[in-house]
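Each remark here refers to the structure printed beneath this line.
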Amino acid sequence: VSLLFSRYDVDSKSPNLSKHDFLGQAFCTLGEVVGSLGSRMEKPLVGIPGKNCGNIIVKAEEMGNCRESVMMQFCGNKLDKKDFFGKSDPFLVFYRSNEDGTFTICHKTEVVKNTLNPVWQAFKIPVRALCNGDYDRTIKIECYDWDRDGSHDFIGEFSTSYRELSRGQSQFNVYEVVNPKKKGKKKKYLNSGTVTLLSFLVDIEVTFLDYIKGGTQINFTVAIDFTASNGNPAQPTSLHYMSPYQMNAYAMALKAVGEIIQDYDSDKMFPALGFGAKLPPDGRVSHEFALNGNPQNPYCAGIDGVMEAYYQSLKSVCLYGPTNFSPVINHVARYAASVKNGSQYFILLIITDGVISDMAQTKESIVNASCLPMSIIIVGVGPAEFDAMIELDGDEVRISSRGRYAERDIVQFVPFRDYIDRTGNHILSMARLAKDVLAEIPDQFLSYMRTRGIKPSPAPPPYTPPGYPVQSPDGHPLNTPPGHPLQTQI
């Protein structure tokens with residue numbers, strides 16, 4: 001998400017910005033803000049040539065009510081008998097009310113068979129699903145008698161709100177189940193039974209951002225396919241063709257994904273690897289070489305540095321083969337295996353034309369890596385069939401190797417061709433690609449942390465401007481100079 005902040009001096013009540021004095025603007029991404037120390041970003045305002053427009057400070061805060069889940073349990077009492085043989089098979093349907101007056105189903109309980117006094121199982125639901133964070137918004141609950149043919153009989157309904165429910169088990173949370181048709185026909189009709197709230201427990205869900213704010217570092221590594229199946233880079237038909245007019249598919253995928261991930265990587269230094277090429281000067285084949293030509297230090301400065309190293313290596317290496325994924329996966333896994341305490345998480349982006357040679361070894365590498373703090377993103381470029389990549393993705397069938405299944409799904413595959421905009425709008429293509437490629441990362445990240453019982457570290461104390469004393473936990477000032485780790489460390 002890109003953001004633009006513009007500052008004006010208001011001269012009148014006119015809503016037309018051209019009627020006011022422009023004082024500067026700043027561009028950034030949402031990732032830049034939340035990825036900054038303490039989710040606080042300071043940037044210079046620009047836009048007036050030759051003038052210092054000052055700085056803007058932007059602080060992000062995640063809405064608290066988006067993170068609450070609630071565990072609730074209900075029971076029914078003396079519900080209407082609907083079945084000719086037997087009693088009723090009741091279940092509840094919960095509806096969230098929308099701003100336009102409509103209702104949306106947000107939960108159904110299980111069916112409790114043959115009873116007028118059901119006790120439904122406790123269930124957990126996000127507060128945003130129940131009422132979109134508005135504690136006073138109406139929640140409608142309908143009660144039905146289940147029928148095998150799907151023509152469930154309506155028993156009755158009642159309304160409440162999150163605020164009412166939050167009172168917990170009490171006389172306030174015993175609801176009369178009313179059937180409006182019966183009420184209209186029968187003067188002595190009271191209700192079709194009651195439903196009682198038995199328990200109400202709120203839980204705060206921790207999010208990906210809680211870990212980032214607490215100091216978890218995201219380490220991003222790129223691996224690019226330099227096999228001969230991509231075609232001669234000097235020919236326009238090649239997937240690696242360097243046109244003076246537009247980026248090739250490899251460069252577009254790299255830039256689209258990298259520019260978002262780099263906001264969460266504090267040092268912005270990325271190892272960039274290639275595989276499947278013959279290297280100068282002796283023509284040896286490598287499946288794990290540094291794009292910048294320095295195996296001791298394969299780090300590139302920012303995504304622009306990775307792009308530059310990619311273009312330079314295309315000029316010096318010879319595309320060859322085979323297409324082996326396991327060496328670069330094992331390369332990142334070695335680093336991930338050394339830091340399992342939740343302080344670091346590793347993301348490997350593999351960009352490939354999809355013809356894989358070491359499928360068995362790659363599966364084994366992924367199964368081994370599934371218990372490490374890492375995720376793998378594979379972007380397939382070109383027209384090839386990507387059956388092998390879909391298998392590695394593991395969304396349909398969890399990947400396994402020699403009878404051992406991956407502990408968690410760590411691979412996300414997307415074919416680049418699905419994102420090429422027909423109008424030729426590469427910016428749009430890249431935005432769509434980045435959105436889908438990164439969609440699974442937060443859940444993969446959280447699944448690792450949860451299964452290991454790793455909680456986010458507390459966020460750092462509020463930013464203290466240089467020159468002000470930093471408070472120690474007991475309230476006494478610490479005489480630390482500006483730039484001291486206490487002031488700069490996440």
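The values are calculated or read from the model by the stated rules, or taken from the named source; none is laboratory data. As the structure is a prediction and not an experimental result, all values here were calculated from the model. A quick note on method: Cβ atoms are made from the backbone with ideal geometry, for glycine too, and the neighbour counts reach across all protein chains shown. Ligands, DNA and RNA are stripped out before the accessible areas are found, and what is left, the full protein with its side chains, is counted by its heavy atoms. Shrake-Rupley method; radii C 1.70, N 1.55, O 1.52, S 1.80 Å.
Of all residues in segment 66-100, those satisfying the criterion of being over 25 Å from Lys124 (Cα atoms) and open to solvent by 50 Å² or more (accessible area, probe 1.4 Å) are Lys78, Lys81, Lys82, Phe84, Phe85, Lys87, Asp100. Applying the criterion of being closer than 19 Å to Val306 by Cα, surrounded by 10 or more Cβ atoms within 10 Å (Cβ to Cβ) and not aromatic (Phe, Trp, Tyr) to the residues of segment 234-245, the residue that is farthest from the chain's Cα centre (by Cα) is Met242.
Results for (1) small (Gly, Ala, Ser); (2) farther than 30 Å from Gln217 by Cα, shown as yes or no for each residue.
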| residue | (1), (2) |
| --- | --- |
| Gly231 | yes, yes |
| His240 | no, yes |
| Ser243 | yes, yes |
| Met269 | no, no |
| Leu273 | no, no |
| Phe289 | no, no |
| Asn297 | no, no |
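Would you say Tyr189 is among the aromatic types (Phe, Trp, Tyr), open to solvent by less than 50 Å² (accessible area, probe 1.4 Å), out of contact with any strand residue (DSSP E or B) (no Cβ under 6 Å at 6 or more places or on another chain) and over 24 Å from Arg67 (Cβ atoms)? In short, yes. Of the strands (runs of 3 or more DSSP E) entirely within segment 294-396, those holding at least 3 residues that are of a type in the set (A, V, I, L, M, F, W, C) and out of contact with any Ser or Thr (no Cβ under 6 Å at 6 or more places or on another chain) occupy 344-352, 374-380.
If the condition is being in a helix (DSSP H, G or I), small (Gly, Ala, Ser) and farther than 25 Å from Ile260 by Cβ, then segment 12-49 contributes only Ser18. The residues on offer are Val10, Val33, Val1, and the sole one that is under 30 Å from Asp436 (Cβ atoms) and open to solvent by 80 Å² or more (accessible area, probe 1.4 Å) is Val1.
Filtering Leu209, Leu198 for residues that are out of contact with any Asp or Glu (no Cβ under 9 Å at 6 or more places or on another chain) and not charged (D, E, K, R) leaves a single hit, Leu198. Just one of the listed residues (Gln121, Gln169) is under 23 Å from Ser69 (Cα atoms), modelled with pLDDT of 90 or more and out of contact with any Cys (no Cβ under 7 Å at 6 or more places or on another chain), namely Gln121.
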